[in-house]
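Here the structure is laid out as structure tokens; the discussion comes afterwards.
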Amino acid sequence: MGFKGGTKFLTSHRGTAAYQLVCFRSQISNPVGLVYRENPIMLSFNVILFALILNILLSRTIQLLLKPLRQPRLVCQLIGGVMMGPSLLARHKSFTSLVFPFTSDFVLENLGRMGVTLFLFVIGVKMDLGLLKRSGKKHLYIALASVFGPLLIVSIVAVLTKESMDEELARVSSIGEIALSLSVTTFPVHYTILEELNLLRSEVGNMALSIALISDAIGINFMVVFEAMKQGDSSAQSIIWYSISCVVMAAFTPVIRRAMVWIIEQTQEGEAVDQFYVIAILLGSFVAAFVTDMFGLGIANGSFWLGLMMPDGRPLGSTLVQKSETIITEVFMPCSFVFMGLSTDFYAMKEAGWSALRPLFGLVISGYLSKFFCTMLAAKVVGVSWRDSLAVSLILSLRGYVELVLYVHWVDRNVRCLLAALLSFIYY
């Protein structure tokens, strides 16, 4: 039966602090509710339901209010998640104790990670790698300028302000990760927004997607390098094993691709892919996320890379999207936004102080300005009109949930320069 919920014990002192243990009843034989004078949200399942309902209501309300500004749904969901976090509602202890008791953190966090994993997998399935082949030199030049221009400028600003940084932020690997996050254009964010605004088939939309895809391809390679450098901060052996893990993951790519082609060959023309294969592939996205996280490559990368290996269109790609997109976007992703909102605290900037934030502000502001102007000028140089150049540069400057996923990843990696990702979200 366990202890009665809320029983507290103080452990003995270890070091300089005492750890507080809060024991909760692991199993409840009778249903609880208001008639029993107990909090019905103390159950993890009720917490999930309440969080989902509250996030959906908030995001829909915000979407209605921002409709005249034509803001995409993604923006409203992010704002709703942040409003439920310690930046607003969860800052009040009464709201936190009622809506987010101790039993909720673990469940919401893991459901949120599952949502991001599946969502990025679906985005990977939707991606048409043929855009890389169809992209002309014009798109390549703009992508190179939009990535390496900000990367160089942010690195120069980091060198000039390195003396005012703390030890963790001053490391080359940390500066590289921040500069890369401000330079690389994330395809999933732009695809989602352009799809909702019906701009995918427009000339500017196609150009932005092609540039974003090239930028992501460049960013993945740089991410591997900087993550390897982060591994090397601990020991030389870590960077060797990290590099071997990347090679092993790349070696499995043709095997997985061939397996997908075999599934298509087993499907009769005009028929949908068998449900067994769909479930196996969705399960494979979790396996890929587990493997990449085990190798230190991040949870989201594994499912996204597996989605890229899926042949798009009929019968496999369209079947995967059709059978999974609704449940992912309407059920799992709200948990992700709640989890990200609970992990985002704007008041942390005030507590950190200006002396700690000054170098980060310098990196973030220089990163956004250089990203905008480098993209716009590069587009104009290759013959794009000023109007389209401005539109493309604004689109490629968007930031969203991918940056928050990166923020959560830095939390897991124990990187203390987390406010860069938070400031990145403020701009968005």
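The values are calculated or read from the model by the stated rules, or taken from the named source; none is laboratory data. Small disclaimer: the values here were computed from a predicted structure and weren't measured. Note that we place each Cβ from the backbone using ideal geometry, even for glycine, and neighbour counts take in every protein chain shown. Side chains included, ligands, DNA and RNA excluded: accessible areas come from the protein's heavy atoms. Shrake-Rupley method; radii C 1.70, N 1.55, O 1.52, S 1.80 Å.
General observations
- Length gained on full extension, PHE95 to VAL287: 65.5 nm, using 0.36 nm per residue less the C-alpha separation.
- In the assembled protein chains, ASP128 presents an accessible area of approximately 50 Å² (probe radius 1.4 Å).
- Over 19 Å between alpha carbons, listed pairs LYS138/LYS371; LYS67/LYS371; LYS126/LYS323; LYS67/LYS323: LYS67/LYS371; LYS67/LYS323
- Stretch gain in nm, segment ARG60-VAL382, where the contour uses 0.36 nm per residue and the Cα spacing is subtracted: 111.8 nm
- Sorting THR61, THR161, THR344 by accessible area puts them as THR61, THR161, THR344; the probe is 1.4 Å, largest comes first, and only protein heavy atoms count.
- The gain in end-to-end length when the VAL247 to ILE279 segment is fully stretched comes to 8.8 nm, 0.36 nm per residue minus the alpha carbon separation.
- Label point distance in nm, ILE53-LEU197, each placed 7 Å from Cα along Cα→Cβ: 3.5 nm
- Simple spin-label estimate for VAL159 and GLU271 in nanometres, 7 Å along Cα-Cβ: 6.3 nm
- Solvent-accessible ranking of LYS323, LYS126, largest area first, probe 1.4 Å: LYS323, LYS126
- Residue by residue, the range 191-206 carries 3J(HN,Hα) couplings of 5, 4, 5, 5, 5, 5, 8, 6, 10, 5, 9, 6, 5, 5, x, 5 Hz when phi is fed to the Karplus relation 6.51 cos²θ - 1.76 cosθ + 1.60 (θ = phi - 60°); x denotes Gly or Pro.
- Report note on the peptides 185-193, 274-282, 46-54: ranked by the mean count of other C-beta atoms within 10 Å, highest first, their order is 185-193, 46-54, 274-282.
- Ranking by accessible area, most exposed first, for PHE290, PHE346 with a 1.4 Å probe: PHE290, PHE346
- Solvent exposure of ARG91, expressed as accessible area, is near 110 Å², computed with a probe of 1.4 Å over the protein chains only.
- A Förster radius of 30 Å, combined with the Cβ-Cβ distance separating LEU394 from ASP128, puts the computed FRET efficiency at roughly 0.85.
- Checking every one of the GluC sites (Glu not before Pro) in the range 258-338 against DSSP loop status and a limit of 13 other Cβ atoms within 10 Å picks out GLU269, GLU271.
- MET249 contributes about 40 Å² of solvent-accessible surface, heavy atoms of the protein only, 1.4 Å probe.
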